[in-house]
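What follows is a single structure, written as structure tokens, with notes after it.
The values are calculated or read from the model by the stated rules, or taken from the named source; none is laboratory data. This structure is a prediction, so every number in the text was calculated from the model and none was measured. Here the Cβ positions follow ideal geometry from the backbone for every residue, glycine too, while neighbour counts run over all protein chains shown.
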Amino acid sequence: MSNEDKQKQEEMREWYDSGDYFDTKIDVFADMESPFQKYRLSKVLQIYHPSKEERVLDLGCGWGTFTFALAPICKEVVGLDYSAKSVEICRKLAKKHNLDNIEFVRADASETEQEDNSFDVVIAADLFEHLYPDISIKTVNEAFRVLKPGGKFVIWTPHRGHFLEILKNHDIIIKHDPAHVDYKSMKWLIDNLKETGFDIEKQYYAESHLPVLRTLEKAFIPILPWARRRIAILSRKPK
């Protein structure tokens, strides 16, 4: 990782912990019954649905959405985020769920401090848009390291070519999200996964959660990049 990216990473960590990012969005992202969260959970689990025997690492767990959702159906789930505020919120929410197979830890997705070959599944849902390129590459390598042979790596992230992301990046109609520092392309992610050693099992684009928009997107996803709202990838660490 370059010194410039290290500095950027530390600045972003401070931004998350000192600002109101997690506080202002908690009503949406911590509400498991909201339409948006139901959409996220459904779409990510369509990429890969972990089983009762599997141990899962939720990278960039944020408000703990996937950690809490997967706990009842998996052996164990570790939610990891580099923001102290995120981990604090998740630990408070955990007391309400009464689950004994979850843990929240503060660490970088690129340096998790977890053991080699210790997870069956690693999930990065809405994470890579929050990471600078060098850190993203390290995160892919870290996922490979902590996965058991045959383990699955699930990626769900916005597609930078979608028209809403283009508008946001230029502050046109929709305000740019300062937490989204680098949108990835499908090619960029696939190339880096393969270079790290992953085998690709699934790669496709998904539509939005908004009713009218998603109908149009589903029709045009095969031919028009601007209709491709989300990137979905399932890769596997060879046995």
message: Looking at segment 109-131 only, could you name the residues that are crowded, with 20+ Cβ neighbours inside 10 Å and either out of contact with any strand residue (DSSP E or B) (no Cβ under 8 Å at 6 or more places or on another chain) or among the hydrophobic types (A, V, I, L, M, F, W, C) (or both)?
response: A109, S110, F119, V121, V122, I123, A124, A125, L127, F128, H130, L131
task: Quickly run through segment 187-211 and pick out the residues that are within 19 Å of R40 (Cβ to Cβ) and not in a strand (DSSP E or B).
output: L189, E207, S208, H209, L210, P211
statement: Counted residues in segment 70-85 being buried (at least 19 other Cβ atoms within 10 Å of the Cβ) and out of contact with any helix residue (DSSP H, G or I) (no Cβ under 6 Å at 6 or more places or on another chain) come to 5
- request: Consider only pairs whose beta carbons are under 9 Å apart and that are at least six residues apart or on different chains; among these, list those whose first residue lies in segment 1-25 and is closer than 14 Å to H130 by Cβ and touching a residue at least 24 places away in the same chain (Cβ under 8 Å) and whose second residue is of a type in the set (V, I, T) and outside any helix (DSSP H, G or I).
  value: K8/V181; M12/V181
Filter result (over 12 Å from the mean Cα position of the chain (by Cα) and farther than 14 Å from V105 by Cβ) within segment 56-84: F68, A69, L70, A71, P72, I73, C74, K75
query: Conditions: (1) closer than 13 Å to R230 by Cβ; (2) under 16 Å from the mean Cα position of the chain (by Cα). V140 meets all but one. Number of the miss?
result: (1)
query: Is one or more of the residues making up segment 158-181 of a type in the set (D, E), modelled with pLDDT of 90 or more and closer than 23 Å to L59 by Cβ?
result: no
Residue under evaluation D182, criteria (1) surrounded by 14 or more Cβ atoms within 10 Å (Cβ to Cβ); (2) in a loop (DSSP other than H, G, I, E, B); (3) in contact with a strand residue (DSSP E or B) (Cβ under 8 Å, 6 or more places away or on another chain), criterion not met: (3)
- prompt: From the residues in segment 88-108 that are surrounded by 21 or more Cβ atoms within 10 Å (Cβ to Cβ) and aliphatic (A, V, I, L, M), which one is modelled with the highest pLDDT?
  reply: I102
- prompt: Just for helices (runs of 4 or more DSSP H) wholly inside segment 16-121: which have at least 3 residues that are within 18 Å of F153 (Cβ to Cβ) and out of contact with any Ser or Thr (no Cβ under 7 Å at 6 or more places or on another chain)?
  reply: 35-47, 65-70
task: Considering each residue of segment 73-87, count those that are within 17 Å of E53 (Cβ to Cβ) and either modelled with pLDDT under 95 or among the β-branched types (V, I, T) (or both), and give that number.
output: 3
query: Which members of segment 93-108 meet the condition of being more than 24 Å from I47 (Cα to Cα), charged (D, E, K, R) and in contact with a strand residue (DSSP E or B) (Cβ under 7 Å, 6 or more places away or on another chain)?
result: R106
query: What do you reckon, is D58 at pLDDT 95 or above and touching a helix residue (DSSP H, G or I) at 6+ places or on another chain (Cβ under 8 Å)?
result: yes
statement: Residue pairs within 8 Å by beta carbon, gap of at least six or interchain, first lying in segment 199-219 and closer than 17 Å to F36 by Cβ, second exposed (fewer than 15 other Cβ atoms within 10 Å of the Cβ) and aromatic (F, W, Y), listed first then second, are H209/F36
